[in-house]
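The values are calculated or read from the model by the stated rules, or taken from the named source; none is laboratory data. What you see is a predicted model, and the numbers here were worked out from it, not measured in a lab. Here Cβ is always computed from backbone atoms with ideal geometry, including for glycine, and neighbour counts include all displayed protein chains. All accessible areas refer to the heavy atoms of the entire protein, side chains included, with ligands and DNA or RNA removed. Shrake-Rupley method; radii C 1.70, N 1.55, O 1.52, S 1.80 Å.
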Amino acid sequence: MEEQLNMMRRGRQFKQLMNKKMDGVIREYDVKRVEIEILRFLAMSGERNTAADIHRYLDLNKGQISKTLEHLCTMHYLESMPDKKDRRYMHYILSEEAKELVRRINAIWDDMHQQIMSGIQAEDRAIFNKVLNHAMANMERMRHLYNPEKKKSKKNIKNLDIFFIRTIIV
């Protein structure tokens with residue numbers, strides 16, 4: 001049991017390795033790591049593309065999200081569109097300028113996925129994914145024990161390291 005918990009804590013190792021692999025993209029496109037995380041999330045999120053969605057899934061500081069989204073819009077990587085039903089909400093859409101950057105980011109993620117999953121059978125991946133989902137649900141329940149005022153949401157991923165591991169596995 002202790003070994004499995006230590007493995008989950010090693011999600012930081014994955015994040016550090018990913019950061020090193022992203023260095024070239026960061027320099028070439030003059031973007032920050034948090035901007036890469038947000039662009040990748042928005043590329044995969046479909047209609048869940050508001051600042052609140054980003055906060056919910058990536059667990060980033062709301063002020064940081066706001067500044068980052070503003071900067072990505074200034075760089076013409078994102079376009080903001082008001083919600084049709086409630087104009088207080090803004091939806092963020094990848095611009096054409098961002099598509100090549102996101103393609104490069106995804107290529108790096110795909111390469112990491114290939115390397116990490118090399119030699120692991122599909123059945124084993126499915127078992128790992130099931131166990132990881134269960135562990136994430138347990139962590140979500142624990143979080144609500146310590147923060148009962150926050151609403152429960154099955155969609156929340158409050159542990160960024162687990163988010164990184166899960167996106168690599170799926």
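Among the residues of segment 44-77, those that are open to solvent by 40 Å² or more (accessible area, probe 1.4 Å), out of contact with any Lys or Arg (no Cβ under 9 Å at 6 or more places or on another chain) and within 14 Å of LEU94 (Cβ to Cβ) comprise MET44, GLY46, GLU47, MET75, HIS76. Kindly indicate whether ALA122 is at pLDDT below 95, over 15 Å from the mean Cα position of the chain (by Cα) and open to solvent by 40 Å² or more (accessible area, probe 1.4 Å). Spelling it out, ALA122 is indeed at pLDDT below 95, over 15 Å from the mean Cα position of the chain (by Cα) and open to solvent by 40 Å² or more (accessible area, probe 1.4 Å).
Yes/no per residue for (1) in contact with an Asp or Glu (Cβ under 9 Å, 6 or more places away or on another chain); (2) closer than 14 Å to LEU101 by Cβ:
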{"residue": "VAL25", "(1), (2)": "no, yes"}
{"residue": "GLU37", "(1), (2)": "no, yes"}
{"residue": "TYR77", "(1), (2)": "yes, yes"}
{"residue": "ASP86", "(1), (2)": "no, no"}
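Every listed requirement among (1) over 21 Å from LYS32 (Cβ atoms); (2) open to solvent by 70 Å² or more (accessible area, probe 1.4 Å) is met by ASN129 save one, (2).
Going through (1) modelled with pLDDT under 90; (2) of a type outside the set (Lys, Arg); (3) surrounded by 11 or more Cβ atoms within 10 Å (Cβ to Cβ) one by one, GLU149 falls short only on (3). I'd like to check which helices (runs of 4 or more DSSP H) are fully inside segment 20-124 and have at least 1 residues that are closer than 26 Å to ARG143 by Cα and touching a residue at least 60 places away in the same chain (Cβ under 8 Å). So the answer is 33-44, 51-58.
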